[in-house]
Structure formats: structure tokens, C-alpha cells
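None of the figures in this text is laboratory data; all of them are computed from the coordinates on show. From a predicted model like this one, the values you see are computed outputs, not experimental measurements. We place every Cβ from the backbone using ideal geometry, glycine too, and count neighbours over all the protein chains shown.
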């Protein structure tokens, strides 16, 4: 009888743990959600830049030597002073001021789409550029591990690794808040071909690391929806410190006004 | 033995029920912190194990913030030039007031210690301190405070209080309430005194309202400030400004004392009559920009305006100022 009771107790234990095991199994079997599926805001659509800042450096070509606001070091200044737009045109490098560290600051519309479930694509009117913001494919939907490019060369738009910003989890006893996407898209771009932060030859080097934060805001009381891009350029070769700008775009209902424009050196 | 068997059967039933109960446990009620923007705070009378140790929404902006003048530095530090209204959606009334403005108005006793208003101060050349006010019982953030070198303390209430009557006094800081949208703090401000959108006479009326979005990313604070003014703007006017966390920064005291700067007859207010200030075109001429562009207006802030003015290379070099 005693052995029967013991067997019965073992059976109880096995049966009791089945639902918990099943729960774990269910979680383990769920495929990870794609970055597109967990996007905290809708970044897609047509957006137009609204140029209420730095007008004279963006809407017209700045004068040679007009480097105000940029924390250029001496080497950066010397390099900027050699700016020659005709030379750039002749060399086929008229897109130098349309690279990733600068292109979000160039007036124009942008078109944001999901190229795949793990890649956001930005097309620009200005310079007809395409940026591909790739989420790390092998570190989960919010991973930041760089993906491998088939051709690991320097380009105007470089290699951009995207991730959703995560909220903190808190600390101390009973901490139990899971991390979650908090609204911002973070993009880190490297492998950049040397270019210009401004059209008048303010340089950035291939050593540049570009960090961007994309935030969708609104709708405001009048229905406006804004995209704000905070841009942080780090270039130990030409800058004294980090170079901060933030650019704002207003959402458009459609692409009716879309009018791509080729790169211009001046 | 019969008693033992009965006990085991009860135990079996109990053990089998535990996981089911765990599955059916309802989601905990929204924590007090989650509802803080919508309702006044309530004391936590009993300790609640379900209170989360990370804010369900929002981040902590507390700190010393250093402005980075990597945008519009000539306008923000030395100050804008007369007649530079580029990229601002002003109407004719604002333009007329700006073109009759004289910088020497700043010497009037009434203007000498006038702080920047809540909307402009983000673009001013001042360090910023942000701190939070916390309910000692619930530990909810009930208000944020922001203070710049040349400003008064600005409170942003998070406890869900309503804005006052339209007839309530208007102040430099206005009346601000905030709410979380994810990790973005969205602030609505009313009751502003008349101010300016640029320090060269471009006015902003006391009927204007301000919407701000504070975004903290790493050690960088980006603030989008959107002004809506039915008196002087034809469209909302947005600016985005960046600050960098600087724990070594100190916002010093700024005791402002009114003195007699200019000996002038009582009641005289420096100004130009409409159409008489020819200096307002000096900026356009010096920089080689069309006067039409420097007059501002909503059209000038959109990319298609470049097609209207054509390809232009500016002649401006700030170092010559």
C-alpha cells in the first residue's frame, strides 16, 4: 500500500508540472517577431523636410569658408578651404554632400518603406539616394550586431545597422518590468566614403561613425505628424567633438509631389 | 489509511489547480504610475508587490544640460541680423512689426531683465537644468522643472490638473502640463505673455500655444518645440534643438538689475515707422540672397522654394561680422 501511495505521489508531481512545461514549450516554439512586426510607430510614408533652421546653409549653397556651427578642427578647416565644386563634378563626385551624415539635412522629400521585414528603406528626392537600415538578423528583432554586406566597400550611404530603442527594466528587488521598444529607431552607420557635411566642402572622413535617432511625433492638434531625426556625427579626423543636428519632416498624404533630383556639387 | 488517501486526493486536486489558477490570474491593474497623467496621485496605503521598478512610460530628464550650437549658431549666440526672417512662417502683420523694430528697445527699463519665454528659451544661449518633483508617498513624478540662465523656473505639471481660465494671468513660462507618449514627454503650454520667435523683432502673440516633445536618447536631449500663433503665424512653427548632458555644468545665478542705459525722454520707445527702415535689406544684400526670401513666410521653409529662387551661392561669411 505504501508503494502505491508513493507511485501515486510521483504521478501527481508529473501531472502537476505538465501545464508549466507546456507553457515553456509554447514560448519556445513561437517564432521571433520581426522588427517590422514590433515597430512602435509607423515610420513609413512620404515626408517633407521643413527648413526652419540653418536656412542659409541648406537652401542655398553656402559661401566657401562659411563653417559656422560646425565643430571643425584645424585639419577640417584646411580641407574645407580646398573645396572646389568643379573638381568634384569632373571627378564624378558630385554626390559628396548627399552621404548619410548629410543627406537628412538636405531639403527635400523622403520616402520610407519596409524593403523586407528586417530592412527599412529611405529614398531621398535630393540626390536620388537610397539608404538601407538593416536590423541585425542574427541577434533577434532588436539586435544591433552588424549584418554582413556582400561587398564591404565604402559608399555614400555606408552600412547602417538599425535597432529599436529599448526601455529599461528597472533594478533592485522584485524588478520585473520587461524591456520593450520605446518609440525610437536607432541607426548606426559606418563604412562611409568621405564626403561633405555641407555643400561648401565641410568634410567628414571614412572614419566617421554616424548615430541617428528617428522619432515619430503626433498627431498634433491640427493633424500634423512629424518625423524628427537626431543626427550625431563623430569624426576624429575633422571634428573637435560630436556634431549634433536634428532635422524635422512633416508627413505627406501621398507621393504626388515626389520629384527626385540629381546630385549637384554646388 | 482511508484518511491518508483522502488527504492525498485533496493534495492532488490542489496541486493540479495551481498552474491553472496561475494561467487565469488577471493582468494586474494599471499601476498608479501608468495613470499619472490622467488622474491626481493616490497614496499607496499598502505595499504592492506588483508595483513595477521601472516606469511603464517615460524616462528621467533630470540633469544639467549644455546647449550645443551646431544649428543656427550666429542667430542663437551673437544674435540674428536685422531683416533675417528666413524659413519662418510669419504673416504680414509679424513682418510689419519686425521691420519697425529697433534693437535699442532692449535698453528700456521694462526690457532689460525680460527673460526669454518658454518657447524661445530653447534656442537661447543658456545652460539648462532639469529636475523632478516627486510625491513623497506615491513617488510619482508630479512635475518637471526647467530653468535656464536667463529664465524663471518653469513648471510642467504631470498630475493631470487642468489649464486655468483663459482670463488667468499670462507669464513668461506660461502654464504647462505634460503627458507621456512612450518615452517622449509631450507638453502643452498656454498663457504665455507676448514674446518673440527670433531676437530681431519677430513677434509671437500672447494667444500662441506651444507644444513640445522632449526626447532623451543616450546623453542627448532633443526637444521639438512647435508654436501655433493665430495672430502672427500662418502655419505651426517647429524647431528642434539638441542639448548634451554635462554633469559638471553649473547654472549660475543671474541677478538682473535695471539701470538707466540711455538718457531719453520719458515714454519714448525706440522704433521705426513702417517703410522707413532701409537697414532691413542689409542682410539680403550682404549675403547675396533675394530680399523676397529674407522676408520669410511659410513658402520659404519648404524645399520647393529653391526652385523659385534658383541656384544661389551665398556670400555670407559669419567671421566677417
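Brief remarks follow.
- Residue B:62-residue A:237 pseudo-label distance in nm [points 7 Å out on the Cα-to-Cβ vector]: 4.3
- Projected area, mean over directions - the range B:139-251, Cα convex hull, nm²: 8.5
- For the range B:231-272 versus the range A:219-247, the gap between their alpha-carbon centres in whole angstrom: 25
- Between the beta carbons of residue A:42 and residue B:311, assuming R0 = 35 Å, the FRET efficiency works out to 0.50 to the nearest 0.05.
- Relative to the current alpha-carbon distance between residue B:108 and residue B:205, full extension at 0.36 nm per residue lengthens the span by 32.9 nm.
- Inter-label distance for residue B:145 and residue B:171, nm, one decimal - labels placed 7 Å from Cα along Cα-to-Cβ: 1.2
- Where labels lie 7 Å past Cα in the beta-carbon direction, separation of residue B:281 and residue B:93 in nm: 2.7
- What the Cβ-Cβ distance of residue A:117 and residue B:250 gives, at R0 = 51 Å and to the nearest 0.05, is a FRET efficiency of 0.55.
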